Amino acid sequence: MKRRNARTASWLLAGVLVAVAAGCGSDAKTSSASTAAPADSTAGSTGAGATGAGITLAVNPWTGSAVNANVAKVVLESKLNTAVTLTDIDENATWPGMDAGDIDAVLEVWPSGHAADVSTYIDEKKSVVDLGLLGPDAKIGWYIPTFMLADHPELATWEGFKDPATAKLFATAESGDDGQFLMGDPSYVSYDDQIIANLKLPLKYVVAGSEAALITAIKAAIADKTPLLMQFWQPHWLQSQVELTEVKLPDVTDACLASAAAADGKYACDYPVDHLFKAASAKLESKNPAAFGFLSKMQLTTDQQNEIAATIDGDGMTPADAAKAWVEANPDIVATWLS
Amino acid sequence: MAPEAAISVRGLWKVYGPRAERIVGSASADLPRAELEARTGCVVAMRDIDMEVAPGEVFVVMGLSGSGKSTLVRCLTRLIEPTAGTVRIGDTDVTTADRDQLLDIRRHRVSMVFQHFGLLPHRTLIDNVAFGLEVQHADKKSRRAKAEQVLVLVGLGGLGMRKPDQLSGGMQQRVGLARALATDPEILLFDEPFSALDPLIRRDMQDEVIRLRREVNKTMVFITHDLTEALRLGDRIAIMRDGRFVQVGTPEDVVANPADEYVANFVRDVPRSHVVAVGSVMMPPVSGDHAGTVPLTTKIRDVVAQVAASPLPVHVVDAEGAVVGSIDRVTVLSVIAGADLIPAAPGG
Amino acid sequence: MATATSTLEAAPRPADATPNRWAVRARHVAIPAVVVAAIVVVGIAIGHDEVPTWLDAHVMPAIDRLYHWTVINNDRNWLFTAVFSNVSDAVKWCTEHMLSVLQILRWPGVLALTGVVGLHTSGLRAALTGMVVLSGCGFLGLWDDTMVTVSLMLVAVLIALLIGIPLGIWAGLSERAEVIMRGFLDTAQVLPVYVYLLPLVVAFGIGDASAVIATVIYAVPPAVRITSLGIRAVPATTIEVGESFGCTNTQLLRKVRLPLARRPILLGVNQVIMMAFAIVVYASLIGTAGLGGEVLTGLQKVDVGRAFAPGLAIVFAAIAIDRVTTGQRSTSSRAGRIWARPPWITALGERPAVVAALGLFALAAVAIIAKATGADHFPSSWSIDVVTPVNDAAGWVGDHFRRGVPIVGGTGSFSDFVVLHLLNPVRDPLQSAAWYVIVAIAVAIGWLAGGLRIATLAAVCFLGLGALRIWDLAMDTLSQVLVAAALSLLIAIPLGIWAARSSVVERLLRPLLDVAQVMPAFVYLVPVIFLFNVGRVPGVVASIIYAVPPGIRLTTLGLRQVPFAPREAATSFGATPRQELLKVQLPLAARSMLLAVNQVIIMVLAVHVVASLIGAGGLGLETVYGLTKKQIGRGMAGGLGIVFLAVFLDRVTQAFGTRSERTD
């Protein structure tokens, strides 16, 4: 009997809570909307004039992506009266998001990782459109910590690794007798095992598993002054914190690019340059043409992106504040995006 | 009370709860159980127990569940730590014994038979029986030989390689008994050993205890809630209620002279003729013809046939065969009919 | 003597023991030996060193094609437009409104609600614990993010219970339902989230809906299992009583089975909550806000402190909800109260409706006062910075433990030792042996554990690994799982024994175990790599952190559950505590110890995917491809490989467990 009372009481409690929730329905609506994008109400979407439909921009988990999205948000909200929601999301899940229209645009796509997405969503289904280049170029390559060059200047080029004795400097428990070549996230583009095999280097290809693992390994190597050879790239925030030197690989040739396209396993040269680009949901153009036009035109140079990133990673500003400060300080650049 | 008592208990208390010591001997110990618990959070399981068990005696503690009897038997070897009082086994003070002395008592001098057997299901019977020897670090060969011997004694010879779950309850308790005997202790403690068994099996096991007692002559403390069992086995019986002894005496004593209403209610339905020995109701010896002789300890019911067969009295003889009294139809009938017909005998 | 034995009941089982024991044993060995030999002969006859890979050729491309079709058609096909999108909207509506409730209450109201619920279900102690722990999220400066995560999790937990409890009741009542469900439950529980994350997004869109559904998939199995177990554990005599009074089946369920299974069902709720919180970080991969994203950001920046704070907030939220929903009221009252309970509390306890009304009133008052005073956000001035101290601590540990530690040399050389002397010696024979040898060994182990049934299962699982063309990866994973499980048990069993013997140790360990079990592995990946170098060892270490808690808990539980009677008997014969442990407790706890082994292995496998992100490689990495390279088929193959290994290891350890119960 007591139990039953207790249960009745708990249902009562639940019921009243629901009633409270329903009673405050209107209140609830506004508060939930504002939390969907906690920061955006402060940026001020109060201006008069033509108000575009609100849009959602993807923020992928690296600083550059946050810089682009926040800069775009500041401009869209202050100049185009378009409320912007920023959604933190994995870069791979971004594409189905744009496909469904849940995400309107992503401003920094690294083409090397998304060939399949480009062919599925842009070329085949046409539910996502290419918004043009962002500006910065990216370049994958082989890297070693710079301090190693003091004792081993020959490691500046790939030929330095031909000598098994030198390569053995990089040996670990996982690589055995060969030197270790460390790959970070295995889903990133990599020809490294082909390069090792085709250039006949005494190296073993070891996968760290993630970018975070790779970065940790780099930090540990630099802290301990131990040798490390790995795949890394520019631009990356770590490049401004530690000294890394790119190992020169054989120049890119047409034959090389052809074997990459054919996937014949004969790749044996440096990585080609990646041109970062922007993409948007196909629905964006009709939904908010002004925003679509602006996002197509918006571009940042590598230096500009690094400058804003430094205030975030280095000075500890929030991405929103950093973007706002930069937009206010650079009205002429912003103007070219809006023309 | 003999000074060479096998077990001697003085002022033994067990109180459960926070700061239990303060309850011992205090006025609050006499509060009703519920009130005491509400006030202090303490429960008195056993209060101020005194008892002496003579060597070779079977001392039965009888009480209903919750009366504290299991607590008492566990305090004797400190399986439960008493709150106050002393327990002596022979000349050793158990209550102040250090770890080694205590282990010595448990390993060599006192063994226990448990209500739920407490057998180790993963071991064979022989290794169960040998357990007590094993913890004494006896070597495998000798302890198995001893165990086999004891298994034969309890009637399980040749079954040593079975596992406990292949046996019936009665057989399992024989294993429990064998295990207790294997260490050849001075004292055997029984904690309601047969209460989980069927009545028929229980009787067998009681016979087994009586037989063992004849054969091995151990001191025994036997806990039970079964009055019939107590009367059958006990040299003396302690009736326990609410943690204290309400009466201690021989079976006849208890049945014939219940100390209070509680005990009287208990023994009301016991057929006196099953308990009362001829020695306690006999008349002075009469000369002349008699229909035969019976020993002093014969129960009344066992002379019924003799007195019924003849109008003559039956002579009662002591252990030496000397005639010490006589008994006739009237005496027997009056015992069977109830105590009211004749004044109770002065006791035994 | 003859009389004594003649009156005994006949022994319940015939004495089969001594004479034909060897025959039985021979049968146990001979048949598997023949089967194993046959497999090897067939294997040699087939003659390939590589496993037959027929499945790979057909099934995985089909999965890829199906996924591609889904991607192209998810805006046209009715299944998506009419069904999935409505489901998605409904779930979103729930999470949004759940969040609104929490926001209307504001932080004082949420804390008060925690207290009221805790008081109601679990007593004062749990209520206070819940409130203090939950407020920890505020002190970390993460209150708002916590509320977003909590609302998502609450919705997921409710849905998981709505699905899991009825299914569990069904499985508890019907043997057939249980058998059918078991395969699905195993798969749902072990299949890595990475495998189905992207397909979910394609079907249900990014954001809350997919995250909730992923969480539900992961959290339903324990709800079903524990409910079913509880229903089955209702004593047959009680059921008979119900039947004898003429209960219908429904009445029997409502009035007898369910009330008696209440405790296990509550335990199921608890497990569902814990499982749900394990998904938080994955949920943030597909566009949900909240704590998970903060963890990932910290990880991305390789900033331990920054990942640690939201990780800790996840732990706090999970523990708070756990404590107030499944309180240990009964155990605490059994332990004995130190203080006497004032009569007015007892009186209130008998009027739960009054208590509820009072609680509600208090709640409303708190929420209104909070609104009036503008306490919209947890005061930021109260927040405590953990980022810097954690980073300092991690840095200090990194500087001092990696090298120069006396004797062992440091974590770096320990790592090398594990690779060279544990992992490689286990992996290399597994990988280099011909496939049929491994299959034969697996079948033999299966046979020894559980006869034909488990042997068949072993064959299916291992041939499946070959057929999916993931043999070498699977052997790599298997070697790591075996090493990590062995090391985990080496740590867990002694600690579990210690905790069973000392309640102080148990109480000290408990919060640590909670943290280790709920803290997302992503949080400690970075320091683990820093200490143990990239490679398989960090993965092993991460697995150990995750697998040791259940190992300790089950060991302790197993030892505590050893019946009192044999232990007391042992003491009465003068066994020392050590003798009692070795001769009585451990042998009698063997079965629950095997359960501990079982759970440790499953946990190690569960964390294998995360371990693969820090260099473990193996099957775990394959499943990541499902998300990151949209090679759903490949990810599925890796995921199924993990399921195969898990099912094999699980059934074998379980079979050994029931066998030890049967024959010992």
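The values are calculated or read from the model by the stated rules, or taken from the named source; none is laboratory data. Keep in mind that what you see is a predicted model, and the values were worked out from it rather than measured. For neighbour counting, all protein chains shown are included, and Cβ atoms are generated from backbone atoms with ideal geometry for every residue, glycine included.
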*Scan C:Leu586, C:Leu581 and give me the residue that is of a type outside the set (D, E, K, R), more than 14 Å from chain A (Cβ to nearest Cβ), within 25 Å of the chain's Cα centre (by Cα) and surrounded by fewer than 21 Cβ atoms within 10 Å (Cβ to Cβ).*
C:Leu586
*Scan the stretch A:156-213 residue by residue and report those that are in a helix (DSSP H, G or I), within 14 Å of chain C (Cβ to nearest Cβ) and surrounded by 23 or more Cβ atoms within 10 Å (Cβ to Cβ).*
A:Phe170, A:Ala212, A:Ala213
*Of all residues making up the stretch C:128-159, the number that are in a helix (DSSP H, G or I) and either crowded, with 23+ Cβ neighbours inside 10 Å or within 13 Å of chain A (Cβ to nearest Cβ) (or both)*: 20
*Which listed residue, of C:Gly115, C:Gly141, C:Gly109, is more than 29 Å from C:Met636 (Cα to Cα), among the small types (Gly, Ala, Ser) and in contact with a Ser or Thr (Cβ under 6 Å, 6 or more places away or on another chain)*: C:Gly141
*Check every one of the helices (runs of 4 or more DSSP H) wholly within the stretch A:239-321 and list those with 3 or more residues that are in contact with a Phe, Trp or Tyr (Cβ under 8 Å, 6 or more places away or on another chain).*
A:254-262, A:302-309
_Total residues in the stretch C:205-218, condition modelled with pLDDT under 90 and of a type in the set (A, V, I, L, M)_ = 1
*Within the stretch A:119-141, can one find any residue that is surrounded by fewer than 24 Cβ atoms within 10 Å (Cβ to Cβ), more than 19 Å from the chain's Cα centre (by Cα) and more than 14 Å from chain C (Cβ to nearest Cβ)?*
no
*Scan A:Arg3, A:Arg7 and give me the residue that is facing chain C (nearest Cβ under 9 Å), surrounded by fewer than 19 Cβ atoms within 10 Å (Cβ to Cβ) and at pLDDT 50 or above.*
A:Arg7
*What residue, among those in the stretch B:125-152 that are more than 20 Å from B:Val216 (Cα to Cα) and of a type in the set (S, T, N, Q), is modelled with the lowest pLDDT?*
B:Gln136
_Could you check the stretch B:101-129 and list, in sequence order, the residues that are under 17 Å from C:Arg578 (Cβ atoms) and either more than 10 Å from chain C (Cβ to nearest Cβ) or surrounded by 19 or more Cβ atoms within 10 Å (Cβ to Cβ) (or both)?_
B:Leu103, B:Arg106, B:Arg107, B:Leu120
*asked:* Looking at (1) modelled with pLDDT under 80; (2) assigned to a helix (DSSP H, G or I); (3) within 30 Å of C:Phe139 (Cα to Cα); (4) in contact with a helix residue (DSSP H, G or I) (Cβ under 7 Å, 6 or more places away or on another chain), which one does C:Ser381 not meet, given that it meets all the others?
replied: (4)
*asked:* For B:Asp48, only one of the following conditions fails: (1) within 12 Å of chain C (Cβ to nearest Cβ); (2) on the phi > 0 side of the Ramachandran plot. What is its number?
replied: (1)
*Output the residues belonging to the stretch B:57-83 that are assigned to a strand (DSSP E or B) and either modelled with pLDDT of 90 or more or basic (Lys, Arg) (or both).*
B:Val58, B:Phe59, B:Val60, B:Val61, B:Met62
*asked:* Tell me yes or no: at least one residue of the stretch A:224-243 is buried (at least 18 other Cβ atoms within 10 Å of the Cβ), without any contact (Cβ under 8 Å) to a residue 24 or more places away in the chain and of a type in the set (Val, Ile, Thr).
replied: no
_Return the residues of the stretch B:130-174 that are β-branched (Val, Ile, Thr) and either more than 8 Å from chain C (Cβ to nearest Cβ) or in a helix (DSSP H, G or I) (or both); say none if nothing qualifies._
B:Val135, B:Val150, B:Val152
*If we scan the stretch B:81-88, do we find a residue that is at negative phi and either within 11 Å of chain C (Cβ to nearest Cβ) or in contact with a Leu (Cβ under 6 Å, 6 or more places away or on another chain) (or both)?*
yes
*Of the residues that make up the stretch A:277-288, is at least one surrounded by fewer than 19 Cβ atoms within 10 Å (Cβ to Cβ) and free of Cβ contacts under 8 Å to residues at least 40 places away in the same chain?*
yes
*For the stretch A:144-162, how many residues meet the condition of being out of contact with any helix residue (DSSP H, G or I) (no Cβ under 7 Å at 6 or more places or on another chain) and in contact (Cβ under 8 Å) with a residue 12 or more places away in the chain?*
5
*Selection from the stretch C:164-211 of residues that are within 16 Å of A:Asp99 (Cα to Cα) and outside any helix (DSSP H, G or I)*: C:Gly205, C:Ile206, C:Gly207
*asked:* Within the stretch C:492-501, does at least one residue satisfy the condition of being over 26 Å from C:Met60 (Cβ atoms) and at pLDDT below 90?
replied: yes
*asked:* With the requirement that a residue be in contact (Cβ under 8 Å) with a residue 24 or more places away in the chain, within 30 Å of B:Ile187 (Cα to Cα) and either surrounded by fewer than 18 Cβ atoms within 10 Å (Cβ to Cβ) or within 14 Å of chain C (Cβ to nearest Cβ) (or both), what does the stretch B:1-24 give you?
replied: B:Met1, B:Ala2, B:Glu4, B:Arg10, B:Gly11, B:Val15, B:Tyr16, B:Ala20, B:Glu21
*How many residues does the stretch B:279-314 hold that are assigned to a loop (DSSP other than H, G, I, E, B), under 34 Å from the mean Cα position of the chain (by Cα) and either hydroxyl-bearing (Ser, Thr, Tyr) or surrounded by 14 or more Cβ atoms within 10 Å (Cβ to Cβ) (or both)?*
5
*Can A:Ser286 be described as modelled with pLDDT of 85 or more and among the polar types (S, T, N, Q)?*
yes
*Among (1) touching a residue at least 24 places away in the same chain (Cβ under 8 Å); (2) away from chain C (no Cβ under 11 Å), which single condition is B:Arg214 missing?*
(1)
